[in-house]
Amino acid sequence: MFLTFLGTIALAAVPAQAGVTRIKSDPNARILDGVLVSGDMETFFLSGQLPSPVDPKKPMTEVKSIEDMGDTKAQTISTLQKIKTLLERQGYKMSDVVKMQLFIAADPRTGKMDFAGANAGFGQFFGTAENPNTVARSTFQVAALVGPYFLIEIEAVAVKPKGKPSAALDAPGADTDDAEQAKVEDASNVTASYARPHRYPKALRKKSSLV
């Protein structure tokens with residue numbers, strides 16, 4: 001029992017360390033074997049993102065062909081740029097991304113998935129001078145995405161130490177005014193004080209208590 005007590009003291013004396021360990025057995029590989037996240041880290045799960053038209057002024061309702069969206073490489077770059085923007089709004093960077101999933105549809109002009117094009121677009125954001133980090137990644141070929149001219153959709157997970165200031169506080173259009181904040185707080189209070197109604201009418205509850 002005494003040894004157990006000493007062991008508990010020893011464990012408590014070891015400070016909790018926050019960190020990300022990127023595991024890569026092949027130094028030339030484009031992606032990681034995996035990632036270990038330890039300590040007090042904050043995680044940001046991004047929903048699947050799709051590319052934008054080649055012409056940023058063209059609304060999706062006017063997209064009529066693959067040429068309007070670009071090939072797989074162009075669509076990958078567009079999607080990753082969108083992810084980069086979403087990360088920065090929350091105080092993250094592309095270098096904080098630890099996991100990605102790529103869903104790639106075949107290019108109707110060739111009938112094949114352009115994996116090389118997706119990798120080429122990926123290589124403009126990871127393993128670069130600006131961002132030497134890379135990620136753990138899975139890639140799937142899918143029959144189709146939500147629109148006929150989308151060739152790729154990407155999900156991402158990013159982590160950073162908790163308590164790090166969020167860029168969202170200073171991002172244009174991202175701040176919440178006092179009135180909106182009050183609405184959020186009021187909604188929270190209503191949810192917290194909400195009393196769940198009984199599932200049965202009073203008469204039946206009384207009858208069941210007598211049984």
Residue within the stretch 76-97 that is surrounded by fewer than 14 Cβ atoms within 10 Å (Cβ to Cβ), among the hydroxyl-bearing types (S, T, Y) and either touching a Gly at 6+ places or on another chain (Cβ under 6 Å) or under 30 Å from G19 (Cβ atoms) (or both) present: yes
Residues of the stretch 141-155 that turn out to be closer than 21 Å to K64 by Cβ, without any contact (Cβ under 8 Å) to a residue 60 or more places away in the chain and surrounded by 13 or more Cβ atoms within 10 Å (Cβ to Cβ), as a count: 1
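Here is a yes/no grid of residues against (1) in contact with a Phe, Trp or Tyr (Cβ under 6 Å, 6 or more places away or on another chain); (2) over 17 Å from T139 (Cα atoms):
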{"residue": "G48", "(1), (2)": "no, no"}
{"residue": "P51", "(1), (2)": "no, no"}
{"residue": "M60", "(1), (2)": "no, yes"}
{"residue": "E67", "(1), (2)": "no, yes"}
{"residue": "L80", "(1), (2)": "yes, no"}
{"residue": "L86", "(1), (2)": "no, yes"}
{"residue": "D96", "(1), (2)": "no, yes"}
Given (1) at pLDDT 95 or above; (2) part of a helix (DSSP H, G or I); (3) under 22 Å from the mean Cα position of the chain (by Cα), index of the condition A116 fails: (3)
Count - residues of the stretch 17-46 that are in a strand (DSSP E or B), surrounded by 11 or more Cβ atoms within 10 Å (Cβ to Cβ) and not polar (S, T, N, Q): 10
Candidates T76, T110 - the one that is outside any helix (DSSP H, G or I), more than 18 Å from V159 (Cβ to Cβ) and of a type in the set (S, T, N, Q): T110
When residues of the stretch 98-140 are limited to those that are polar (S, T, N, Q) and touching a residue at least 24 places away in the same chain (Cβ under 8 Å), the one surrounded by the most Cβ atoms within 10 Å (Cβ to Cβ): T134
Looking only at the stretch 52-75, and only at residues there that are in contact with a strand residue (DSSP E or B) (Cβ under 8 Å, 6 or more places away or on another chain) and either modelled with pLDDT under 95 or surrounded by 21 or more Cβ atoms within 10 Å (Cβ to Cβ) (or both), the one that is nearest to F125 (Cα to Cα): Q75
Test: residue in the stretch 52-70 that is in contact (Cβ under 8 Å) with a residue 24 or more places away in the chain and under 21 Å from the mean Cα position of the chain (by Cα): yes
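The values are calculated or read from the model by the stated rules, or taken from the named source; none is laboratory data. What you see is a predicted model; the values in this text were computed from it and never measured. In this analysis, Cβ positions are derived from the backbone assuming ideal geometry, glycine residues included, and neighbour counts consider all displayed protein chains.
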